[in-house]
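The block underneath contains the structure these notes are about, expressed in structure tokens.
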Amino acid sequence: MSQMPIVAVVGRPNVGKSTLVNRIVGRRVAVVEARPGVTRDRREFQAEWLNRPFMLVDTGGWELTPSGELTQNIRAQTEAALAGADAVLFVTDATATVTDDDAGVAEMLRRSDTPVVLVANKSDNPQIDQDTSHLYGLGIGDPMPVSALHGRGTGDLLDRLFGLLPEVEPVEHPDIASLAIIGRPNVGKSTLLNRLLGEDRVLVSETPGTTRDPIDAIVEMDGEPFRVVDTAGIRRAPKWGDGADYYAVLRAKGVLAESDVALLMIDGSEGATHQDQRLAEEIAEAGTGLVVLLNKWDAATLEQRDWCRDSVADRLGFVGWAPVLTLSAKTGSKIKRIGGAVRVSLESLDRRIPTGELNRLVRRWQEAHPPPVRKGRRPKILYAVHAGRRPPVIVLFVAGGELGVDYLRFLENRLRNEYDFTGAPIQFRARQRASSRG
């Protein structure tokens, strides 16, 4: 774990906590929408002020009398974030009267020994600055006028915050592999991350779409640390009408592009769907390693298991190079196998083929099975080079026209027969070269 100071951002729903987080971090990392309940988990972001790094924890809206299981969980997550914070930014709405929820947060903070800065957000002009006397009644101290939306006052806020933080040098960690947990809503992604962590870090609910923002943490498998990201459940595009879900999906795809290996979770009682197929395509196109996890296997009947295996073979046949594991995230059954499968995938992503050996193989395959004639011309591969890793990239210099997708697939199959690329996509890139003519 990093030894950077930890700052928790707390407050009732819809006071602008995520907007403030985005302002401090300097980019749009937290889902922001003008209705309560959009942020549902603790989210951690590394930020910096005057060359001093710190960890910022965005939390869900705290409510004095939560009405349902989900809001109760949000409240519990907020309180858990406070337990590990070095300081707190208590965000309030400078333009609104103090509510029972504001007073409840204030009471909770007064009971703790954690230093607090009271943020009077939505102070968009000096007139509002002078009208924050109602916030003194919270008993937290002087309110700091801030406009998270426009950036007004955030520098002064951070100056005051850093006067409260301990002087701690960050601990450097070696590069570790990044894993993304990907899947449709409600297939058990958050349950798996909690199981790997050994704690209830991420909200688990029967309601699909509970996780909207990517949640990341460091976990250890087989004695090796990995950065694991639990992403929002990715839905089909026509269901992206909800603004928060739409941006959450975009962020999940961004996480996928930056991850080394994706853990594609499929409901073992339902089998692989068309959407699972699209997710597998996106993972392969991103050049990310892949391990397929058939979750809820303990709850699936024999008939459902047979159907699931058949559907995976049918819909995910194009990623047949990916390991397929059956497990139960809920009970922990067989999850210890994930670490080994991930290691195999990482080794495949880093595997390299010497240029001379690669060209001898390509020449042999081309002589035995020449590329098909296209528009009266037969393409010819002049040279091949293994040009990249994570993912493996094979560049082919070609004369006489395009090779075609079918022939590239033929070459990939031959290459996989010669070398073990289990768990890794292979990307072929053909570059045209003018053929020499006598």
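The values are calculated or read from the model by the stated rules, or taken from the named source; none is laboratory data. As the structure is a computational prediction, the values presented were derived from the model and not from experiment. Cβ atoms come from the backbone with ideal geometry, glycine included; neighbour counts cover every protein chain shown. Ligands, DNA and RNA are stripped out before the accessible areas are found, and what is left, the full protein with its side chains, is counted by its heavy atoms. Shrake-Rupley method; radii C 1.70, N 1.55, O 1.52, S 1.80 Å.
Computed quantities for the displayed model
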| quantity | calculated |
| --- | --- |
| Number of positions in region 307-356 that are surrounded by fewer than 19 Cβ atoms within 10 Å (Cβ to Cβ), in contact with a Lys or Arg (Cβ under 7 Å, 6 or more places away or on another chain), free of Cβ contacts under 8 Å to residues at least 60 places away in the same chain and over 27 Å from VAL385 (Cα atoms) | 1 |
| Helices (runs of 4 or more DSSP H) completely within region 147-260 that count 2 or more residues being surrounded by 15 or more Cβ atoms within 10 Å (Cβ to Cβ) and either among the basic types (Lys, Arg) or modelled with pLDDT under 85 (or both) | 189-197, 243-258 |
| Failed item in (1) within 17 Å of VAL15 (Cα to Cα); (2) open to solvent by less than 70 Å² (accessible area, probe 1.4 Å); (3) modelled with pLDDT of 80 or more; (4) in a loop (DSSP other than H, G, I, E, B), with VAL91 passing the rest | (4) |
| Region 395-430 - residue that is among the acidic types (Asp, Glu) and modelled with pLDDT of 95 or more and, of those, nearest to GLN366 (Cα to Cα) | GLU412 |
| Set ARG360, ARG278, ARG309: member being more than 23 Å from the chain's Cα centre (by Cα) and over 18 Å from ILE394 (Cβ atoms) | ARG309 |
| Residue count, region 358-405 (criterion: open to solvent by less than 60 Å² (accessible area, probe 1.4 Å), β-branched (Val, Ile, Thr) and outside any strand (DSSP E or B)) | 1 |
| Which listed residue, of THR65, THR114, THR97, THR71, is at pLDDT 85 or above and more than 27 Å from ASP159 (Cβ to Cβ) | THR97 |
